[in-house]
Amino acid sequence: MKPTIVLVGRPNVGKSTLFNRLTRSKDALVADLPGLTRDRHYGHGRVGEKPYLVVDTGGFEPVVDSGILFEMAKQTLQAVDEADAVIFLVDSRAGVTPQDKLIAQKLRMSGRPVYLAVNKAEGANRAVVSAEFYELGLNLEPFVISSAHGDGVWDLIDSVLSDFPEPEEEEEDAKHPVFAVIGRPNVGKSTLVNAILGEERVIAFDQAGTTRDSIHIDFERNEKPYTIIDTAGVRRRGKVDEAIEKFSVIKSMQAVEAANVAVLVLDANQDIADQDATIAGFALEAGRALVIAINKWDVVTPERKEQIKKDIARKLYFLDFAKFHYISALKHKGIDDLFDSINQAYQAAMIKMPTPKITRVLQSALERQQPPRVGPIRPKLRYAHQGGVNPPIIVIHGNALHHIKDSYTRYLVQTFRKAFHLEGTPLRVQYKSTENPFDQEGTPAKAPTTLRRAKLSPRIAKKEEKKQLKRKVKVSAKKNIKP
Ligand SMILES: Nc1nc2c(ncn2[C@@H]2O[C@H](COP(=O)(O)OP(=O)(O)OP(=O)(O)O)[C@@H](O)[C@H]2O)c(=O)[nH]1
Ligand SMILES: [Mg+2]
């Protein structure tokens, strides 16, 4: 499971700057879809083989930013509670403030693993800037960093991640569909889970599921095993009690990460909310297969039906790969069809595509339409193979591929999707350029400094970082670390 790292600190200490750095990954694959507003508080990152989730709590709620009344916002406390690790940012230039002390106190009480990061410390002496923060009584060795320049950031994230195991490959046989039921409170998630399980044989309840507060249930349907992750988390057999459910984006994120397929439940009586789009966008970014269930269809008027369909077309248009089902969990209507789509989405997400066929599809796509030239350069796509599942990834090799426009990538995605009948799952196309000495603009040959360094062992990385720091004092700061 991916660890969730939550960034906390008083306003203006640099949380968002750090967040951007931690989520700006070299292989950010999701082309920005026009109109898909991403919630820039929740993001993915990766160092080497280790992926993680990051949450920026800045601006979660308006805060009283001065005086003794200052308290950490409720949402922030909830995020801390749901975190696997917390990075507490303070400002080296401002020194220890009363707010820092209050936050430190809350964090001590939370019992979560905390990392103290002394920010805005570019070019400063580590020992000197960190000294006064021992006063916070966290009993921690502070990490001295500069979010803006990148100094010390990878050392910090390396330490945070070293407490979590490398992601393990599941055994081929052990694989069966795991799907997460997500959505806002009271849309009917637990009713749906009950409807699905109602007729099926429940093998085990796993109360202590890996996802905090979510319940993992193994069951069989048509003699095939499944695991369902119920994020409502307050389910008792035969009893539906969603009233006390509280919504948590983090919980939803963690469930989506742990699943192969996300089932997003919407209430037909309510308009699509920002939170719905946020979770849907998150599932897309995570590359998860997705099925949408519009629930409570039994109690909506014909006018409302038209209205909600329009609302969906407008606000969730970026889910064009997903199937939409209009269901009644309470009346057990549409459950079978929904289940068919879950299965289909799972199959599509786990598909194995033979290399010759991928290459053939690529060739015919190229025959129909070449990527447009950029000045004198025409990107050359040579061959392709599959680079992963859930989501399926197609890796294309060639020259000058970084000149390919998003619109052409979308054309390729559509072509592959059609050729392999992929419904219900995002599909990704990745490019691997071979360097061409005649390509004047050239492929960016070197990975940016930070990313290269992130793959070194912590000890070597530290040395490397010191060198870098020395160099940087002399050279202009701007040149550094720009993944
Ligand atoms: N010199 C320097 N400035 C920084 C650094 N990190 C952030 N800043 C600056 O500090 C200011 C605040 O940074 P943000 O990242 O917006 O701070 P924040 O904690 O997200 O603020 P809120 O969301 O309002 O709580 C910006 O002007 C940043 O450019 C750093 O490492 N060094
Ligand atoms: Mg911020």
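Remarks
- Within the set A117, A94, A131, the sole residue that is outside the structural domain of D218 (by TED's automatic domain parsing), at pLDDT 90 or above, within 15 Å of ligand 1 (Cβ to nearest atom) and over 29 Å from the mean Cα position of the chain (by Cα) turns out to be A94.
- If the condition is being under 21 Å from I250 (Cβ atoms), in contact with a Lys or Arg (Cβ under 9 Å, 6 or more places away or on another chain) and at pLDDT 90 or above, then the stretch 158-186 contributes L161, A180, V181, I182, G183.
- Listed conditions (1) modelled with pLDDT of 95 or more; (2) at positive phi are all met by L366, apart from (2).
- Scanning the stretch 351-380 for residues that are closer than 16 Å to V395 by Cα and aliphatic (A, V, I, L, M), we see that the one that is nearest to the chain's Cα centre (by Cα) is I351.
- Of residues in the stretch 253-295 being among the polar types (S, T, N, Q) and either at pLDDT 90 or above or not assigned by TED's automatic domain parsing to the domain that holds Y226 (or both), the one farthest from the chain's Cα centre (by Cα): N269
- Among the residues of the stretch 182-197, just one is surrounded by fewer than 24 Cβ atoms within 10 Å (Cβ to Cβ) and closer than 15 Å to A280 by Cα, namely R184.
- Residue ID - farthest from V55 (Cα to Cα), chosen from residues in the stretch 92-106 that are surrounded by 20 or more Cβ atoms within 10 Å (Cβ to Cβ) and not β-branched (V, I, T): S92
- Once the stretch 351-362 is narrowed to residues that are touching a strand residue (DSSP E or B) at 6+ places or on another chain (Cβ under 9 Å) and surrounded by 13 or more Cβ atoms within 10 Å (Cβ to Cβ), the residue that is farthest from K405 (Cα to Cα) is I351.
- Sub-6 Å Cβ pairs linking a first residue in the stretch 5-26 that is in the same structural domain as K74 (by TED's automatic domain parsing) to a second residue that is more than 9 Å from ligand 2 (Cβ to nearest atom) and among the basic types (K, R), at least 6 apart or interchain, are S25/R46, ordered by first then second residue.
- Condition check for S92: among the polar types (S, T, N, Q) and under 18 Å from D163 (Cβ atoms): no
- Scope the stretch 246-284; condition in contact with a Pro (Cβ under 6 Å, 6 or more places away or on another chain) and aromatic (F, W, Y); matching residues: F247
- Qualifying residue in the stretch 53-72 (condition: more than 15 Å from ligand 1 (Cβ to nearest atom), modelled with pLDDT of 85 or more and under 18 Å from the mean Cα position of the chain (by Cα)): yes
- Within the stretch 328-364, the set of residues being part of a helix (DSSP H, G or I) and of a type in the set (S, T, N, Q) comprises S341, N343, Q344, Q347, T355, T359, Q363, S364.
- Residue in the stretch 319-327 that is in contact with a helix residue (DSSP H, G or I) (Cβ under 8 Å, 6 or more places away or on another chain), in a loop (DSSP other than H, G, I, E, B) and basic (K, R) present: no
- Residues satisfying the stated conditions in the stretch 394-427, i.e. crowded, with 18+ Cβ neighbours inside 10 Å, of a type in the set (A, V, I, L, M, F, W, C) and assigned to a strand (DSSP E or B): I394, I396
- Counted residues, the stretch 137-155 - those being away from ligand 1 (no atom under 12 Å from the Cβ) and surrounded by fewer than 21 Cβ atoms within 10 Å (Cβ to Cβ): 6
The values are calculated or read from the model by the stated rules, or taken from the named source; none is laboratory data. Since the structure is predicted, the reported quantities are computational estimates derived from the model, not experimental observations. Neighbour counts run over all protein chains shown; Cβ positions are idealised from the backbone, glycine included.
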